[in-house]
Amino acid sequence: MPTVLTQTVPDARGRFGPYGGRYVPETLMFAIEQLTDAYESAKHDPAFQAEFTRLLNEYVGRPSRLYFAERLTKEAGGARIFLKREDLNHTGAHKINNAIGQALLTKRMGKKRIIAETGAGQHGVASATAAALLGYPCCVYMGSEDVRRQELNVFKMRAMGTEVIPVESGSKTLRDAVNEAMREWMATVETTHYIIGSVIGPHPFPMMVRDFQAVIGEETKQQSLEQIGRLPDVVVACVGGGSNAAGMFYPFVNDKSVELVGVEAGGRNNKYGEHAATISQGKPGVLHGTFSYVLQDDDGQTAPVHSISAGLDYPGVGPEHSYWKDQGRVRYTSVNDAESLEGFRVCCRMEGIIPALETAHGIVETMRIAAARKKTDVVVLCFSGRGDKDCAEVARLVQG
Amino acid sequence: MNLVDTLFTRLRAEGRKAFMPFLTAGDPDVGTTARLFSQVAAAGADLIELGFPFSDPIADGPVIQASYTRALNNGFKIANLFAAIRSVTSLPNFTTPIVGMVSYSLIHRRGAEAFVSTAKDSGLSGLIVPDLVADEADHFAALCRKSDMKLILLVTPTTTPERAAKIVKLCSGFVYCVSVVGITGERDKLPAELTQQLARLRTMSDLPLCVGFGVSRPEHVRHLKDIADGVIVGSALIKKLEQGGTQAVIDSVRELSAALR
């Protein structure tokens with residue numbers, strides 16, 4: 001469980017090298033400074049960390065398993081493939097780690113209400129769950145296009161007493177849900193905490209969400225040593241905003257023998273507006289309160305994005321990923337819609353595990369890497385979520 | 001002398017307050033916006049706040065965001081806007097200061113230095129960057145100072161006195177005092193604490209204090225006349241434009257500015 005890590009980034013101003021910072025309206029600074037102080041004190045408070053760990057273990061079901069995927073390994077025909085099973089967490093994805101952490105912070109700050117944004121609905125469900133667990137009213141903003149694509153998660157949130165607000169502005173997806181949640185936060189900042197679902201937004205969110213998710217990488221490290229007797233050779237994770245990847249990679253950053261690979265959404269093709277491969281194709285700019293790689297036009301207007309996966313359908317990325325990219329510490333690549341559907345199919349058939357479409361992007365890259373490596377090598381994929389939420393959409397795409 | 005300073009020096013001497021309408025650039029098109037500059041100036045605008053459309057304006061309410069979306073859907077490009085501003089500000093009898101409200105994303109993409117210099121060449125007198133807080137603004141404030149471009153920063157009801165002190169130090173031209181907690185848009189009433197907020201700022205700075213966010217009605221304007229140096233009206237005018245076109249905006253500027261006299 002999350003021991004406090006030695007941190008070199010971000011600095012006190014929330015900068016990961018040139019990236020990060022706070023590009024927000026002045027109205028939010030009060031809450032952001034309050035949150036920064038609350039998180040700093042919670043991070044060093046053994047009682048807070050103990051409560052967080054207790055809920056992760058007893059309620060979420062951690063530690064999640066590190067599983068040797070024997071048939072996927074045979075299919076790829078190279079290195080051994082292991083899956084870090086975040087899909088087995090309560091609510092079916094890694095998102096719950098962060099939601100529990102921030103809900104506990106909400107309590108610590110004495111705020112009365114939780115709001116969140118969601119793309120695929122996994123973070124919305126995680127926030128709704130944490131809110132129900134700790135007894136807070138909760139309101140989730142979700143693009144109306146995603147409400148359509150993710151009916152099951154909308155039902156789950158409502159069942160747990162959360163109000164789901166469809167967002168009709170802009171592209172009606174994750175980015176617009178973030179805009180709307182930020183606005184709502186501005187209007188109710190004195191009494192409301194905004195649980196951002198990824199390593200994005202103004203400082204301290206990218207650092208704090210990474211820390212709450214770092215349990216993934218820490219467990220993986222320990223399990224690798226126990227099960228394999230050494231660290232893995234490659235660690236792979238899909239990257240939308242980048243929270244599962246940040247949580248997985250961060251504990252490995254100083255282990256230079258471990259290659260780290262982030263997989264973005266290649267969408268339909270490489271053309272403007274047809275993908276969500278922010279680091280692979282974007283440029284540094286400002287979006288949603290942080291300075292990081294972003295997909296924009298020449299004027300600085302945010303580009304339209306597309307991915308088959310609602311959770312990767314985002315034109316920005318966490319600032320720490322931009323830093324890792326520039327440092328050359330993490331290699332970022334992309335997998336397109338069609339390839340990820342094939343990854344989805346192979347994983348279902350070979351392992352009896354239905355992956356989230358986000359995770360399916362990672363499966364494809366993991367099998368490619370494994371195929372190119374020797375049989376004694378080990379590749380670990382952060383298996384970020386299960387695919388129940390995507391079944392209807394996949395059925396529609398495969399049959400349509 | 002920067003036109004913003006000229007304006008407030010004159011108004012102070014006359015014992016008057018500034019009426020400052022907000023217009024969205026390029027809604028419905030840049031040509032219409034450029035014509036509105038002279039029309040609203042003739043109707044009583046002392047300073048024009050010009051919103052640069054942005055795809056993700058987190059500080060703005062639904063009315064201004066919809067207006068930005070219309071402009072972007074109609075093909076708004078920043079280069080065309082600068083040319084249109086230039087065509088009006090270069091007229092010898094046009095002395096109304098125009099201040100751009102620009103999200104930092106747009107400034108960064110062009111390069112901060114290039115943006116300020118292009119803005120200066122176009123005849124803009126100042127910039128309001130709603131998502132650039134004082135903590136991040138040192139470099140940009142220095143660039144603006146070098147070009148005699150006013151950098152107007154915002155103070156809100158949640159701003160602590162320590163933050164306010166830093167903000168007014170970096171700020172130039174006037175201080176943008178946000179009247180309410182939240183986003184732009186009309187409100188029934190302005191909060192009572194506003195008077196104290198302004199009084200506290202008076203002790204920190206000699207800059208003119210102008211109030212915006214939530215101001216929409218003549219009675220708001222009359223109330224602010226006694227405590228502020230200027231009044232900014234945005235969403236209410238954009239709604240007029242949506243419903244009644246440019247003539248409705250001009251009529252509304254005439255009515256609201258008269259409430260200041």
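The values are calculated or read from the model by the stated rules, or taken from the named source; none is laboratory data. A quick note: this is a predicted structure, and the numbers were derived from the prediction, not measured. Every residue, glycine among them, receives a Cβ derived from its backbone with ideal geometry; neighbour counts consider all protein chains shown. For accessibility, only protein heavy atoms count, side chains too; no ligands or nucleic acids. Shrake-Rupley method; radii C 1.70, N 1.55, O 1.52, S 1.80 Å.
Of A:L56, A:L28, which residue is within 14 Å of chain B (Cβ to nearest Cβ), surrounded by 14 or more Cβ atoms within 10 Å (Cβ to Cβ) and not β-branched (V, I, T)?
Working: A:L56 fails: within 14 Å of chain B (Cβ to nearest Cβ).
So the residue among A:L56, A:L28 that is within 14 Å of chain B (Cβ to nearest Cβ), surrounded by 14 or more Cβ atoms within 10 Å (Cβ to Cβ) and not β-branched (V, I, T) is A:L28.
Could you tell me whether any residue of the stretch A:76-94 is assigned by TED's automatic domain parsing to the domain that holds A:Q222, farther than 23 Å from A:T129 by Cα and open to solvent by 30 Å² or more (accessible area, probe 1.4 Å)?
Within the stretch A:76-94, one or more residues are assigned by TED's automatic domain parsing to the domain that holds A:Q222, farther than 23 Å from A:T129 by Cα and open to solvent by 30 Å² or more (accessible area, probe 1.4 Å).
Answer yes if at least one residue in the stretch A:122-137 is outside any helix (DSSP H, G or I), at pLDDT 95 or above, at negative phi and open to solvent by 10 Å² or more (accessible area, probe 1.4 Å), and no otherwise.
Yes, that holds for at least one residue.
Exactly one of (1) within 14 Å of another protein chain (Cβ to nearest Cβ); (2) open to solvent by 20 Å² or more (accessible area, probe 1.4 Å) is unmet by A:Y67. Its number?
If we test A:Y67 against (1) within 14 Å of another protein chain (Cβ to nearest Cβ); (2) open to solvent by 20 Å² or more (accessible area, probe 1.4 Å), just (1) comes out false.
Going by the structure shown, is A:S257 more than 30 Å from B:F76 (Cα to Cα), surrounded by fewer than 24 Cβ atoms within 10 Å (Cβ to Cβ), away from every other protein chain (no Cβ under 14 Å) and touching a Pro at 6+ places or on another chain (Cβ under 7 Å)?
No, not satisfied.
Within the stretch A:225-239, which residues are over 13 Å from A:D255 (Cα atoms) and buried (at least 19 other Cβ atoms within 10 Å of the Cβ)?
A:V236, A:A237, A:C238, A:V239 - these are the residues of the stretch A:225-239 that are over 13 Å from A:D255 (Cα atoms) and buried (at least 19 other Cβ atoms within 10 Å of the Cβ).
Quick check on my filter: what residues within the stretch A:4-14 are in contact (Cβ under 8 Å) with a residue 24 or more places away in the chain, within 13 Å of chain B (Cβ to nearest Cβ) and open to solvent by 10 Å² or more (accessible area, probe 1.4 Å)?
A:R13
Give me the pairs: first residue in the stretch B:115-131 and acidic (D, E), second residue open to solvent by 10 Å² or more (accessible area, probe 1.4 Å), beta-carbon distance under 6 Å, and six or more apart or on different chains, which are they?
Partner pairs satisfying both residue conditions: B:D131/A:Y23; B:D131/B:S103; B:D131/B:Y104.
Taking the stated definitions as given, is B:L124 open to solvent by less than 10 Å² (accessible area, probe 1.4 Å), part of a loop (DSSP other than H, G, I, E, B) and farther than 22 Å from A:G201 by Cα?
yes
Across the stretch A:166-184, which residue is farthest from B:V181 (Cα to Cα) among those that are more than 10 Å from every other protein chain (Cβ to nearest Cβ) and within 18 Å of the chain's Cα centre (by Cα)?
Among them, the one singled out is A:T173.
Starting from residues that are over 16 Å from B:M101 (Cβ atoms) and at pLDDT 95 or above, keep the ones in the stretch B:164-188 and report whichever is nearest to the other protein chains (Cβ to nearest Cβ).
The qualifying residue nearest to the other protein chains (Cβ to nearest Cβ) is B:I167.
When the residues of the stretch B:136-151 are narrowed to those that are crowded, with 17+ Cβ neighbours inside 10 Å and either within 14 Å of another protein chain (Cβ to nearest Cβ) or without any contact (Cβ under 8 Å) to a residue 24 or more places away in the chain (or both), which ends up farthest from A:E33 (Cα to Cα)?
B:L151
Conditions first: (1) assigned to a helix (DSSP H, G or I); (2) farther than 14 Å from A:Q150 by Cβ. A:I353 passes all but one, so which condition is the exception?
The single condition A:I353 does not satisfy is (1).
Does at least one position in the stretch B:51-59 carry a residue that is outside any loop (DSSP other than H, G, I, E, B), without any contact (Cβ under 8 Å) to a residue 24 or more places away in the chain and within 11 Å of another protein chain (Cβ to nearest Cβ)?
Within the stretch B:51-59, none of the residues are outside any loop (DSSP other than H, G, I, E, B), without any contact (Cβ under 8 Å) to a residue 24 or more places away in the chain and within 11 Å of another protein chain (Cβ to nearest Cβ).
Considering only the stretch A:42-51, I want to know if a residue exists there that is under 17 Å from A:Y250 (Cα atoms) and open to solvent by 20 Å² or more (accessible area, probe 1.4 Å).
no
Has the stretch B:197-217 got any residue that is within 9 Å of chain A (Cβ to nearest Cβ) and not hydrophobic (A, V, I, L, M, F, W, C)?
No, there is no match, as no residue in the stretch B:197-217 is within 9 Å of chain A (Cβ to nearest Cβ) and not hydrophobic (A, V, I, L, M, F, W, C).
Can you pull out the residues in the stretch B:100-121 that are within 11 Å of chain A (Cβ to nearest Cβ), open to solvent by 10 Å² or more (accessible area, probe 1.4 Å) and not hydroxyl-bearing (S, T, Y)?
Passing the criteria: B:H108, B:R109, B:R110, B:G111.
Which one is nearest to the other protein chains (Cβ to nearest Cβ), of the residues in the stretch B:61-91 that are under 17 Å from the mean Cα position of the chain (by Cα), open to solvent by 10 Å² or more (accessible area, probe 1.4 Å) and within 14 Å of B:L237 (Cα to Cα)?
Among residues in the stretch B:61-91 that are under 17 Å from the mean Cα position of the chain (by Cα), open to solvent by 10 Å² or more (accessible area, probe 1.4 Å) and within 14 Å of B:L237 (Cα to Cα), the one nearest to the other protein chains (Cβ to nearest Cβ) is B:Q65.
Can A:E86 be described as touching a Cys at 6+ places or on another chain (Cβ under 8 Å) and either more than 14 Å from every other protein chain (Cβ to nearest Cβ) or not aliphatic (A, V, I, L, M) (or both)? Lay out the reasoning, then the answer.
Working: touching a Cys at 6+ places or on another chain (Cβ under 8 Å): yes; either more than 14 Å from every other protein chain (Cβ to nearest Cβ) or not aliphatic (A, V, I, L, M) (or both): yes.
Taking the combined requirement at face value, the residue satisfies it.
Condition check: in a loop (DSSP other than H, G, I, E, B), of a type outside the set (F, W, Y) and within 25 Å of A:R368 (Cβ to Cβ). Does A:P304 satisfy that?
Taking the combined requirement at face value, the residue does not satisfy it.
What's the total number of residues in the stretch A:277-309 that are in contact with a helix residue (DSSP H, G or I) (Cβ under 8 Å, 6 or more places away or on another chain), surrounded by fewer than 23 Cβ atoms within 10 Å (Cβ to Cβ) and either in contact (Cβ under 8 Å) with a residue 60 or more places away in the chain or outside the structural domain of A:K325 (by TED's automatic domain parsing) (or both)?
Residues meeting the conditions: 1.
Going through B:T203, B:T158, B:T184 one at a time, which residue ends up being touching a Ser or Thr at 6+ places or on another chain (Cβ under 7 Å) and over 23 Å from B:S257 (Cα atoms)?
Selected residue: B:T158, the only one of B:T203, B:T158, B:T184 that is touching a Ser or Thr at 6+ places or on another chain (Cβ under 7 Å) and over 23 Å from B:S257 (Cα atoms).
Being open to solvent by less than 10 Å² (accessible area, probe 1.4 Å) and more than 8 Å from every other protein chain (Cβ to nearest Cβ) is true for just one of B:F94, B:F37. Which residue is that?
Result: B:F37 is the single residue among B:F94, B:F37 that is open to solvent by less than 10 Å² (accessible area, probe 1.4 Å) and more than 8 Å from every other protein chain (Cβ to nearest Cβ).
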